[in-house]
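Peer 1: Following this message is one structure expressed as structure tokens.
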Amino acid sequence: MKKISVLVLTLLGLLSCSAASPLQTAAAASPDAAANANQQKARALLDAMVRALGGPQWLALQNTYIEGRVSGYYQGKPTGMVLNFYQWRTPAGDQRIELGKKHDDIEIFTGQQCWEATYRGKKALPKDICDDYQRRRDHSIDVAIRSWLKDPNTILISEGQTLSERHLTDQVTLISPSNESITIQMDDETHLPRSRTFQWRDPLYKDKNEDREEYDDYHTIDGIPTPYSVTRFHNGDVTSQQYVFKGGYNVPLPPDAFNADAAAARIKK
């Protein structure tokens, strides 16, 4: 009898393991299924944002032109500096900014080069200004959609809904194969971008810094919704506020638009 009891218990144990196996398999598979569903939701939200921005028309943009006024801040407080600006930029990251009413201070960013052109000629911009521009360029919404989103190894995470400047938003984070991240908040109703945030490690002090841009007051220009108010933050403090007066898309540009030597040669001495 004792041997029979042991045999029965052994069989029951085997049956119990066999019955639990599908449940264990499902439990093991569920994290992957949940991650895939979350990634699909994040992609759907980003697709809705692209459609809100103009869809194929926005994706096919060759360049953007805006003009307006920018105010400077230091440690979150206005410095009193207010400048008129005129800006041309391409989705690839080339950018030309003309400052002042006389357009006599020009900054040109292209590739890894950052130049200033004035009546004194051309000179390289300080390294901190160039580094700041390149970080923001490499973590822009343009790069997130046109480059990161196309990479099958980019991870997409839908992080639910949150508030951004009193607007209910859907928040999505993209993580690149090199472990860089961009977080985008999109308006729950219009699906237009409300903010873009990324973090970077200080090369000297090794602590993390946060760069954030907030977008508001959208107007449609040439069929493309355009934020007329852009506020930049560094570690939570406002660093600048940009107000747009007018703009345009796919404007005719001369071949030397991003040539600092040509820009310096045109400025009256």
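The values are calculated or read from the model by the stated rules, or taken from the named source; none is laboratory data. Worth saying up front: this structure is predicted, and the values here are computed from it rather than measured. Glycine also receives a Cβ, built like all others from the backbone with ideal geometry; neighbour counts cover every protein chain displayed.
Peer 1: Which of the residues that make up the range 199-253 are closer than 20 Å to Gln95 by Cα and of a type in the set (Gly, Ala, Ser)?
Peer 2: Ser229, Ser240, Gly247, Gly248
Peer 1: Failed condition for Ile157, given (1) more than 30 Å from Gly76 (Cα to Cα); (2) in contact (Cβ under 8 Å) with a residue 60 or more places away in the chain; (3) out of contact with any helix residue (DSSP H, G or I) (no Cβ under 7 Å at 6 or more places or on another chain); (4) not basic (Lys, Arg), with all others met?
Peer 2: (3)
Peer 1: Also, I was wondering about something else. For Ser195, are the conditions met, namely being assigned to a strand (DSSP E or B), without any contact (Cβ under 8 Å) to a residue 24 or more places away in the chain and either surrounded by 17 or more Cβ atoms within 10 Å (Cβ to Cβ) or not aromatic (Phe, Trp, Tyr) (or both)?
Peer 2: Considered against the rule, which asks whether it is assigned to a strand (DSSP E or B), without any contact (Cβ under 8 Å) to a residue 24 or more places away in the chain and either surrounded by 17 or more Cβ atoms within 10 Å (Cβ to Cβ) or not aromatic (Phe, Trp, Tyr) (or both), Ser195 comes out as no.
Peer 1: Condition first: under 28 Å from Phe258 (Cβ atoms), assigned to a helix (DSSP H, G or I) and in contact (Cβ under 8 Å) with a residue 24 or more places away in the chain. Now tell me which residues in the range 50-76 satisfy that.
Peer 2: Within the range 50-76, Val50, Leu53, Gln57, Trp58, Leu59 meet the criteria.
Peer 1: Yes or no: the range 167-179 includes at least one residue that is charged (D, E, K, R) and surrounded by fewer than 18 Cβ atoms within 10 Å (Cβ to Cβ).
Peer 2: no
Peer 1: Taking the condition of being outside any loop (DSSP other than H, G, I, E, B), surrounded by fewer than 19 Cβ atoms within 10 Å (Cβ to Cβ) and not acidic (Asp, Glu), how many residues in the range 152-163 meet it?
Peer 2: The total comes to 6.
Peer 1: Now for a separate question. Could you look through the range 77-101, keep only residues that are in a strand (DSSP E or B) and of a type in the set (D, E, K, R), and pick out the one that is nearest to the chain's Cα centre (by Cα)?
Peer 2: Here the residue is Arg89.
Peer 1: Looking at (1) at pLDDT 95 or above; (2) of a type in the set (S, T, N, Q); (3) outside any strand (DSSP E or B), find the lone condition where Ser178 falls short.
Peer 2: Ser178 satisfies all of (1) at pLDDT 95 or above; (2) of a type in the set (S, T, N, Q); (3) outside any strand (DSSP E or B) except (1).
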